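Following: one structure in structure tokens, then a few remarks.
The values are calculated or read from the model by the stated rules, or taken from the named source; none is laboratory data. Since we're looking at a predicted model, the values are computed, not measured. Here the Cβ positions follow ideal geometry from the backbone for every residue, glycine too, while neighbour counts run over all protein chains shown.
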Amino acid sequence: MNKNYTYLQDSCNHGCLPFWGKISENDRQNETLELANIELKFQELGANHTILQQENKLLRDNYRYQENEMKRLQNTTIELSKQVSELKQLNSINLAIDFRAIQYKVKSLEQKSDLLTNNQNARNQDFLALYDVTQVTDNLFTKHLQNFETIRNETLVNIFNIQSKQNASDVEMRTAFSKFTTLEGKVTDDSGKIHNLIGQIADDRRKVAITSCVSGNQRFTDGVVRFSSVYSNIGINNIATFKSSGKFVCEIPGLYYISAHIFTTTKGVEFYVKKNVNIIAFSASDTDSSYSTDPISAVVELQLRDTLYVYTGSHDIRGTYSCLSIMKVK
């Protein structure tokens, strides 16, 4: 490609010398630009030519590879043909061997068939003898079966009679058991009533009483007056709760009497006896005197775990002279 380019350039230079002498400087510049464009196109053609050469080489390499692969496949085909021929020969030999083996097996089977035929004849004779024995046994079995059916029918009749009698007995038994259950329920109810009555009588006979006073001069912020100095206590188990909370908790239901007197220096203040959260009695201190002792009492029926206590505002309560008594009346 370079030689062609050089030759073309030389030819152009020699042919254009007379022409260049006749044109102006501007024309020579235009021609120079055209020559540069021509040179650029030649360079592009050279590059395309190089690419075509590379592709041509690649195609030749692929052709040689395909040619070698074709030769390899032909050799493989020849080898496979030889192996198929050998297998056919081997198959013919195996068929001949298998035919002789089959003939031997057929003879062996014929011998075994003769032996089985002889055995079958002997078995037929045995079967005939066994059939005769079976006939005799079958006749005996039929007679025994008839006897069994007779006995079975008689037994079913007896069982039916026994079941009828048993059903009648079951009805009588259920009736008697129902009456007994009813009577037992009544006895249980009566026993419960008697037990409750005994418990009520015992509770009525139990004595419950307490007398206590306030320990020193105090002001109770929650309003519940605590009579923590206990002087007498009868029938109260949880006395510690009474001392700490100021509330008497009923352990035995009944009718109770409560009496208290409060000694205070606060004028015109109210005092209450409360059952749980309900006021059942009230009193008030003197409005004129500097000191007053204010009594308060009530009779109330208490149930289990009801509370009974004296309630006042946050006032000065004088100890020793402020006391409480509670007793079970009935």
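Quick test for you: out of S292, S232, S283, S244, pick the one residue that is closer than 16 Å to V214 by Cα and surrounded by 14 or more Cβ atoms within 10 Å (Cβ to Cβ). Reasoning before the result, please.
Numbers: S232 fails: surrounded by 14 or more Cβ atoms within 10 Å (Cβ to Cβ); S283 fails: closer than 16 Å to V214 by Cα; S244 fails: surrounded by 14 or more Cβ atoms within 10 Å (Cβ to Cβ).
The conditions single out S292.
Does T142 satisfy the condition of being within 60 Å of the chain's Cα centre (by Cα) and assigned to a helix (DSSP H, G or I)?
Judged against the criteria, T142 is not a match.
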Count, please, the residues in the stretch 217-231 that happen to be under 54 Å from the mean Cα position of the chain (by Cα) and in a strand (DSSP E or B). 1
Could you look through the stretch 298-322, keep only residues that are more than 60 Å from the chain's Cα centre (by Cα) and crowded, with 19+ Cβ neighbours inside 10 Å, and pick out the one that is modelled with the highest pLDDT? S322
Just wondering, is there one or more residues in the stretch 278-299 that are in contact with a helix residue (DSSP H, G or I) (Cβ under 9 Å, 6 or more places away or on another chain) and within 11 Å of L324 (Cα to Cα)? no
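When residues of the stretch 232-283 are filtered for being part of a strand (DSSP E or B) and polar (S, T, N, Q), how many remain?
Residues meeting the conditions: 6.
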In the stretch 261-279, is there at least one residue being surrounded by fewer than 17 Cβ atoms within 10 Å (Cβ to Cβ), of a type in the set (D, E), assigned by TED's automatic domain parsing to the domain that holds S314 and over 60 Å from the mean Cα position of the chain (by Cα)? yes
Would you check which residues across the stretch 288-306 are closer than 15 Å to K328 by Cβ and β-branched (V, I, T) and list them? V299, V300
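How many residues does the stretch 284-330 hold that are over 17 Å from F227 (Cα atoms), in a loop (DSSP other than H, G, I, E, B) and out of contact with any Pro (no Cβ under 9 Å at 6 or more places or on another chain)? Let's see the steps before the verdict.
To start, the set of residues in the stretch 284-330 that are over 17 Å from F227 (Cα atoms) comprises 284-292, 298-306, 328-330.
In the following step, the residues that additionally are in a loop (DSSP other than H, G, I, E, B) were identified as 285-291, 303-306, 329-330.
Checking the rest, the ones that are also out of contact with any Pro (no Cβ under 9 Å at 6 or more places or on another chain) come to 285-291, 305, 329-330.
Adding up the residues that qualify gives 10.
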